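Encoded as structure tokens, the structure appears first; notes follow it.
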Amino acid sequence: MQSLGIDVLLKGSNFSRLLQGLYVALEISFVSVTISILLGLIVGVLMTSKNPILCFILKIYLEVVRIIPQMVLLFVVYFGTTRVFGMDLLAETSAIIVFVFWGVAEMGDLVRGAIKSIPTIQFESAYALGMNKFQVYVYIILPQTLRRLIPISINLITRMIKTTSLVVMVGIVEVLKVAQQIIEANRTTSPNAAFGVFGVVFIMYFLICWPISRLSIYLEKRWA
């Protein structure tokens, strides 16, 4: 155990601190994912609009999210708003804003794809029965969209959880930051601490993300 550097986690409250850091990362992920899903459903529906101006704006938004790294966005929001607008944003708030900005675009694109995959004949049949556009979406389109959307949106959750590791760059004391602190504090007494501590962090992320990934695969097969 000592040769792997895992022994440092048994000293004092190191392991409980690591769990607390993991809780911070999961909390940011949960809030970001919840808001992203709710707003993403709305944005996804708007992406199917026939309004060219709206579609152009949403397309630019999606491209910006895909092209610019999340870390750059995180620095812009956390450091940029403080300098330019004089706002005193908490690091956690900045992280949630960036992840929601990213997650809404990704979720919206998933919703758009799910809606587009529904045969056009279903729209035409619903209109032929006298339904208006709101009724078509509420009773016909959205139930099918959600069924197709859930398996692939679960993958977005795992990506969001893993991406929260970037928040260490703005000083948030999450699991990676705690791991670094533990390693630095035990550098002389346990030179192999990095291997053991980061190995445990790896296992933590795996134990959280693997069941979610398996659930996605199960639902995709069940509802295929």
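The values are calculated or read from the model by the stated rules, or taken from the named source; none is laboratory data. What you see is a predicted model, and the numbers here were worked out from it, not measured in a lab. Don't worry about glycine lacking a Cβ; one is built from the backbone with ideal geometry, like all the others, and counts go over all protein chains shown. Just the protein is used for accessible areas: all its heavy atoms, side chains included, with ligands, DNA and RNA removed. Shrake-Rupley method; radii C 1.70, N 1.55, O 1.52, S 1.80 Å.
Please determine, in degrees from 0 to 90 and to the nearest 10, the orientation of helix 175-185 with respect to the longest principal axis defined by the Cα atoms of the chain, where the helix direction is its Cα long axis.
10
Determine the dipole magnitude for the chain: charges of +1 sit on the beta-carbon of Lys and Arg, -1 on that of Asp and Glu, nothing else is charged, the reference point is the Cα centre, and the result goes in debye to the nearest 20. Can you show the working numbers first?
Working: 18 positive and 11 negative charges, 105 e Å.
Approximately 500 debye in magnitude.
Accessible area of the chain with a 1.4 Å probe: how many percent of it is carbon plus sulfur?
Taking all protein chains in place, the chain shows 68 percent carbon and sulfur surface.
Would you mind working out the accessible area per residue for the chain, using a 1.4 Å probe, and quoting it in Å²? Can you show the working numbers first?
Working: 12840 Å² over 224 residues.
Solvent-accessible surface per residue comes out at 57 Å².
Where q = 0.13, 0.16, 0.17, 0.22 Å⁻¹, what log10 of I(q)/I(0) comes from the Debye formula for region 4-88, counting one point per Cα?
So the normalised log intensities work out to -0.73, -0.92, -0.97, -1.13.
In degrees from 0 to 90, rounded to the nearest 10, what is the angle of the helix 14-47 Cα long axis to the longest principal axis of the chain?
Roughly 10 degrees between the two axes.
How big is region 55-115 by Rg and Dmax over its Cα atoms, in Å?
13.1, 42
Tell me what the chain gives for mean residue ellipticity at 222 nm when only DSSP H runs of n ≥ 4 count, each as -39,500 (n - 2.57), the sum divided by the residue total, rounded to 500 deg cm²/dmol. Please list the in-between numbers first.
Numbers: 9 runs with 158 residues, N = 224.
My calculation for the chain gives -24000 deg cm²/dmol from helical runs alone.
Tell me, rounded to the nearest percent, the portion of alpha carbon pairs in region 53-177 spaced more than 18 Å apart.
Numbers: 4923 of 7750 pairs.
I get 64 percent for the Cα pairs in region 53-177 exceeding 18 Å.
Using each residue's phi in region 94-110, evaluate 6.51 cos²θ - 1.76 cosθ + 1.60 at θ = phi - 60° and report the 3J(HN,Hα) Karplus result to the nearest Hz, with x for Gly and Pro.
Along region 94-110, the couplings run 4, 4, 5, 4, 5, 5, 5, 4, 6, x, 5, 5, 5, 5, x, 5, 5 Hz.
Run through every distinct alpha carbon pair of region 167-210 and return the Kirkwood hydrodynamic radius in angstroms, one decimal place.
Result for region 167-210, one decimal place: 11.1 Å.
Please count, across the chain, the pairs of lysine residues with Cα atoms under 25 Å apart that sit 8 or more places apart or on different chains.
10
Given a 1.4 Å probe and the protein chains all in place, what does the accessible area of ASP88 round to, in Å² to the nearest 10?
ASP88 has an accessible surface of roughly 140 Å² with all protein chains in place.
Under 8 Å for C-alpha pairs, at least 6 residues apart: give me the relative contact order for the chain, rounded to a whole percent. If you can, show how the numbers build up before the last one.
Details: 231 pairs, mean separation 77.0, N = 224.
Over the chain, the number comes to 34 percent.
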